[in-house]
Amino acid sequence: MLEVKGIRKSFGALEVLKGVDLTVNRGDVAVILGPSGSGKTTLLRCVNFLETADGGTLAFDGEEFRLGHVPRRDVLRLRRKTAFVFQSYNLFLNKTALENVTEGLIVARKMPKAQAVELGRRALDRVGMSGRMDHYPSQLSGGQQQRVAIARAMAADPEIIYFDEPTSALDPELTGEVLAVMRRLAEDGVTMLVVTHELGFARTVSNQVVFMEDGAVVEAGPTREVFERPREARTRAFLQPGGQSE
Amino acid sequence: MDERLLGIVLDSFPKILIPGLTATIPLTVIAFSLAMVIAVAAALAQFARVPAVTQLCRFYIWVFRGTPLLVQLFVVFYGLPRVGITLDPFPAAVVVFSLNEGAYCAETVRAALEAVPAGQLEAGYCAGMSYLQTMRRIILPQAMRTAFPSLSNSLIAMVKDTSLASNITVVEMFRAAEQINAVVYEPLVLYIEVGLVYLLLSTALTWLQGVGERRLGAYQRQEG
Ligand SMILES: Nc1ncnc2c1ncn2[C@@H]1O[C@H](COP(=O)(O)OP(=O)(O)O)[C@@H](O)[C@H]1O
Ligand SMILES: [Mg+2]
């Protein structure tokens, strides 16, 4: 469903992505692991056109695009098939929880308001936030904000949801509630591409793992294989207890 | 207070208040509304870094913030007829006050736009919205909330600055007081009186500012 080939991106003289390949099939929960600074965020941002990649190709639903040359119309159209959950939530600060979910439906997808509100309520219910629909982001905890962000992402029924370290900004006692919501999405068959440092989540929820380092893919494959029989020494070291803190 | 003074005060009060209602307030309302349109347009163009338009905005702001309001009034009202542009006093005042105020407020709005976290625009994109949709629904409302106290200050300052329009023969409150004074010669009483009417207007606006801030502030209220 999503196939990225040879994606390259530099910031000035710093080459951040050095030709990365990535494939996500429908129903996959793919996880990107790797030390910080390895280019994981940049990869997700390029795939959703928040950054313009310097080169490579992207195929979505069989439609192929040359990265760096994607017309604005196609960017908008592709973004409406996807959703993004940020590390720092990025809820619309001037909108309530419910409005955060309905905004994209009403404004971008031209859905009638009543229908959007109905979908919004259901989405917030699924993330356990139906009691806080009229709260503004400033009135919600980090974990609650991230759950609203996930409701916002799934309400439009996207073909894939990108997650960029969705629990990294949260206090440890709040990560559980967000991971539980993501686990449920995975069980419902939602296609997800998740950058995370939560190895437990990666191991138990994902079916594909990509291990990145220094702007390149070191190892990729089915989760069981990568966790139980990592081929590369660097992957092995990273997956060891405490191996990520470096 | 002796009877003659009391008579002057009572007699002059409506003569000052009526130009307030027919000139000071309309001038303020019209010019400030136009200034807001100019300010938002100039701020959005600069925020989006539209090439030539950004340069034009910088030039406009540079000129209007860098020269005295009184000079601008004189140039437009007394100067422009030399090149065939003759305006009546009130329209001339509207033009100058909107351009002058627009230049200041453009900077206020631009700063407020820059202060909206970058993630808000990206969140709009990821929700499928276009740049314009995100600006209109997300970024601009947040920026206007941030800019509101500062814009209110500008409005209050402008009410008082409209007294300068007396210099181009607009019969607003201050000129009305001057005209009465020319007859009865009681400068202390009359100028204090007109000052008090300005104070009344500013006080009303300050109160409105408070009401507005409480309403707009809803989304920034913290729980508990
Ligand atoms: N906008 C940017 N400008 C310049 N350098 C950037 C920018 N974004 C990321 N980088 C650099 O690119 C590298 C990879 O960053 P990132 O993709 O955030 O890695 P990760 O998400 O794996 O921690 C880092 O060295 C980072 O400093
Ligand atoms: Mg990152």
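Odds and ends about this structure:
- Helical contribution to [θ] at 222 nm, DSSP H n ≥ 4, -39,500 (n - 2.57), averaged over the protein assembly as shown, rounded to 500: -17000 deg cm²/dmol
- For the Cα trace of chain A, dividing Rg by the Kirkwood Rh returns an Rg/Rh value of 0.96.
- All lysines inside 26 Å of B:Lys160 as judged from Cα atoms, apart from same-chain residues fewer than 8 positions distant: B:Lys15
- A:Asp188/A:Ala216 FRET efficiency (R0 35 Å; Cβ-Cβ; nearest 0.05): 0.60
- Relative contact order (percent, whole number), chain B, Cα cutoff 8 Å, 6+ residue spacing: 30
- Per residue solvent-accessible surface (Å²) - the protein assembly as shown, probe of 1.4 Å: 47
- Simple spin-label estimate for A:Glu173 and B:Asn153 gives 4.1 nm between the two label positions (7 Å along the Cα-to-Cβ direction from each Cα).
- With a Förster radius of 35 Å applied to the beta-carbon distance between B:Asp2 and B:Ala204, the computed FRET efficiency rounds to 0.65.
- Along the stretch A:46-54 the Karplus relation, 6.51 cos²θ - 1.76 cosθ + 1.60 evaluated at θ = phi - 60°, assigns HN-Hα couplings of 5, 5, 9, 6, 6, 10, 9, 5, 7 Hz to successive residues, with x for each Gly and Pro.
- With every protein chain in place, the stretch B:1-117: carbon and sulfur % of accessible area (1.4 Å): 73
- Straight Cα distances below 25 angstrom link A:Lys113 to the lysines A:Lys81, A:Lys95, with same-chain residues fewer than 8 positions distant left out.
- Computed from the C-beta positions of B:Ile30 and A:Thr52 and an R0 of 51 Å, the FRET efficiency is 0.70 to the nearest 0.05.
- Backbone phi angles across the stretch A:125-134, fed through the Karplus curve with coefficients 6.51, -1.76 and 1.60 (θ = phi - 60°), yield HN-Hα couplings of 5, 5, 9, x, 10, 5, x, 10, 4, 9 Hz in residue order; Gly and Pro are listed as x.
- Backbone amide hydrogens, once placed in the peptide plane, bring A:Glu219 within less than 5 Å of A:Phe211, excluding anything fewer than 5 places away on its chain.
- Distance from the C-alpha centroid of the stretch B:44-81 to that of the stretch B:8-27: 32 Å, rounded to the whole angstrom.
- Using only side-chain charges placed at the Cβ, +1 for Lys and Arg and -1 for Asp and Glu, the dipole size of the stretch A:91-158 relative to its Cα centre rounds to 80 debye.
- Potential lengthening between A:Lys81 and A:Lys113 on full extension [0.36 nm per residue; Cα-Cα distance subtracted]: 9.5 nm
- Partners for A:Lys40 among lysines (Cα-Cα distance below 16 Å; same-chain residues under 8 apart left out): A:Lys5, A:Lys9, A:Lys18
- Whole-number D in µm²/s for the stretch A:91-158 (Stokes-Einstein; Kirkwood sum over Cα pairs; 25 °C, 0.890 mPa s): 216
- Placing dummy labels 7 Å off each Cα toward the beta-carbon, the span from B:Leu216 to B:Val37 is 2.0 nm.
- Think of the protein assembly as shown as a dipole: +1 on every Lys or Arg Cβ, -1 on every Asp or Glu Cβ, centred on the Cα centre; then among B:Leu99, A:Gly189, B:Val40, A:Gly189 lies furthest on the positive end.
- Phi angles of the stretch B:193-209 translate, via the Karplus equation with coefficients 6.51, -1.76, 1.60 and θ = phi - 60°, into HN-Hα couplings of 4, 5, x, 5, 5, 4, 4, 4, 4, 4, 5, 4, 5, 4, 5, 4, 4 Hz per residue; Gly and Pro are given as x.
The values are calculated or read from the model by the stated rules, or taken from the named source; none is laboratory data. Being a predicted model, the structure only gives us computed values, none of them experimental. Methodologically, a virtual Cβ is constructed for each residue, glycine included, from the backbone with ideal geometry; neighbour enumeration extends over all protein chains shown. Protein only, heavy atoms only, side chains kept; ligands, DNA and RNA dropped before computing areas. Shrake-Rupley method; radii C 1.70, N 1.55, O 1.52, S 1.80 Å.
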